[in-house]
Amino acid sequence: MKGSEIMNEKMKDALKAAFSATIAEVGIDCFKKTSLFMSNRRENTEVKMAA
Amino acid sequence: MADVIETDRTTQFVRLLKENGTWQEFEADWRAQCDAIGEDFEFYAGSTIAVVGDLISSEQKNAGVFGLKIDGSYAAMCQINRAGLPKYDSPVLRTRFMTLAPDYDLTDKSSTEYGNVLVSLLFEVVKLAITDDGLGSKHIKFHLPSPQDVPFFSALGRHIKERDVFASIETRGMWLYITRK
């Protein structure tokens, strides 16, 4: 395995572990409230327009 | 400039362009995902598609729209551009409109599946910052447009920081900032 591939694997493993630790800390519902979900983004826009 | 980056046998990060058909493939995929769930595609994604219109019409060296393809289906998309910004010693890669596919939004997935998409998306953006001629950058910013993004990404940033893979990572205001080693 090349050095760059080892670095990639190390980074990806770190991101996976960090995601798992984050879910353990804040819960999956916290993730599901983010703007990564188009439904949440649209809902926020509608709330702003209504206000 | 890399158009398609394969991370493993099942994941690709694809620059979406009308001229080579990748945008049409992406749009057809998300439209089919919406149809399968009974959601109207235009209502679901119309506003986001409208803001990336210029970037999918012609290839630009320092900007693009990218789709994350997992197992043959587009699981997420984002807009990326590289620009010089005040207070930075070199250009910054900015990632905006990070959006999960309808299938991930409108049906329940496991934490593992959500994690796989988000990790792959972050990883691919960082990889672009390392390897791409036009988008290569030491500094990377991810836009967090909603106040509800901050609790999750602040925690994620802290947990990534503990693993010492970047020179720095922190959330400030509505952005997640990363500086590569």
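The values are calculated or read from the model by the stated rules, or taken from the named source; none is laboratory data. Just so it is clear, the model here is predicted, and its values are computed rather than measured. Using ideal geometry, Cβ is built from the backbone for each residue, glycine included, and neighbour counts are taken over all protein chains shown.
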* Condition met for B:Leu85 (of a type in the set (A, V, I, L, M), over 30 Å from B:Asp35 (Cβ atoms) and out of contact with any Lys or Arg (no Cβ under 7 Å at 6 or more places or on another chain)) -> yes
* Structure fact -> The one condition B:Met77 fails out of (1) over 16 Å from the mean Cα position of the chain (by Cα); (2) surrounded by 15 or more Cβ atoms within 10 Å (Cβ to Cβ); (3) within 30 Å of B:Ala36 (Cα to Cα) is (1)
* Structure fact -> Picked from the range B:82-92 (must be among the charged types (D, E, K, R) and more than 15 Å from the chain's Cα centre (by Cα)), the residue farthest from the other protein chains (Cβ to nearest Cβ) is B:Lys87
* Restricting attention to the range B:133-153, does a residue exist that is surrounded by fewer than 20 Cβ atoms within 10 Å (Cβ to Cβ), out of contact with any Lys or Arg (no Cβ under 8 Å at 6 or more places or on another chain) and not in a helix (DSSP H, G or I)? -> yes
* To do: For the range B:2-49, name all the residues that are modelled with pLDDT of 95 or more, part of a loop (DSSP other than H, G, I, E, B) and of a type in the set (A, V, I, L, M).
  => B:Leu16, B:Leu17
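Starting from residues that are touching a residue at least 24 places away in the same chain (Cβ under 8 Å) and facing chain A (nearest Cβ under 9 Å), keep the ones in the range B:122-133 and report whichever is nearest to A:Glu9 (Cα to Cα).
Of the residues in the range B:122-133, the ones touching a residue at least 24 places away in the same chain (Cβ under 8 Å) are B:123-133.
Applying the additional criterion that residues be facing chain A (nearest Cβ under 9 Å) yields B:123, B:126-127, B:130-131.
Details: B:Phe123: 10, B:Val126: 13, B:Lys127: 11, B:Ile130: 14, B:Thr131: 15 Å.
Residue satisfying both the conditions and the ranking: B:Phe123.
Determine whether the range B:151-160 contains at least one residue that is under 19 Å from A:Glu9 (Cβ atoms), modelled with pLDDT of 95 or more and among the hydrophobic types (A, V, I, L, M, F, W, C).
Here is the first cut: in the range B:151-160, the residues under 19 Å from A:Glu9 (Cβ atoms) are B:159-160.
Subsequent filtering for residues that are modelled with pLDDT of 95 or more retains B:159-160.
Now restrict to residues that are among the hydrophobic types (A, V, I, L, M, F, W, C): B:160.
Yes, the range B:151-160 has at least one match.
Being of a type in the set (D, E, K, R), more than 8 Å from every other protein chain (Cβ to nearest Cβ) and either part of a helix (DSSP H, G or I) or on the phi > 0 side of the Ramachandran plot (or both) is the filter here; which residues of the range B:101-121 pass it? Break it down stepwise before answering.
Taking the range B:101-121 as the starting set, the residues that turn out to be of a type in the set (D, E, K, R) are B:103, B:105, B:108-109, B:113.
Among the residues that remain, those that are also more than 8 Å from every other protein chain (Cβ to nearest Cβ) are: B:103, B:108-109, B:113.
Across the range B:101-121, the qualifying residues are B:Asp103, B:Glu113.
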* Asked: Limited to the range B:65-77, what total is found for residues that are part of a strand (DSSP E or B) and over 18 Å from B:Ala45 (Cα atoms)?
  -> 1
* Asked: In the list B:Arg163, B:Arg158, which residue meets the criterion of being in a helix (DSSP H, G or I), surrounded by fewer than 18 Cβ atoms within 10 Å (Cβ to Cβ) and within 13 Å of chain A (Cβ to nearest Cβ)?
  -> B:Arg158
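Have a look at A:Ala18, A:Ala14, A:Ala50, A:Ala24 and point out the one that is exposed (fewer than 11 other Cβ atoms within 10 Å of the Cβ) and either modelled with pLDDT of 95 or more or of a type in the set (A, V, I, L, M, F, W, C) (or both).
Numbers: A:Ala18 fails: exposed (fewer than 11 other Cβ atoms within 10 Å of the Cβ); A:Ala14 fails: exposed (fewer than 11 other Cβ atoms within 10 Å of the Cβ); A:Ala24 fails: exposed (fewer than 11 other Cβ atoms within 10 Å of the Cβ).
That would be A:Ala50, the only listed residue that is exposed (fewer than 11 other Cβ atoms within 10 Å of the Cβ) and either modelled with pLDDT of 95 or more or of a type in the set (A, V, I, L, M, F, W, C) (or both).
Check whether at least one residue in the range B:78-91 is assigned to a helix (DSSP H, G or I) and on the phi < 0 side of the Ramachandran plot, and report yes or no.
So in the range B:78-91, the residues assigned to a helix (DSSP H, G or I) come out as none.
Looking through the range B:78-91, none of the residues is assigned to a helix (DSSP H, G or I) and on the phi < 0 side of the Ramachandran plot.
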* To do: Only one of these is assigned to a strand (DSSP E or B), more than 15 Å from the chain's Cα centre (by Cα) and either farther than 25 Å from A:Ile6 by Cβ or more than 9 Å from chain A (Cβ to nearest Cβ) (or both): B:Thr171, B:Thr95. Name it.
  => B:Thr171
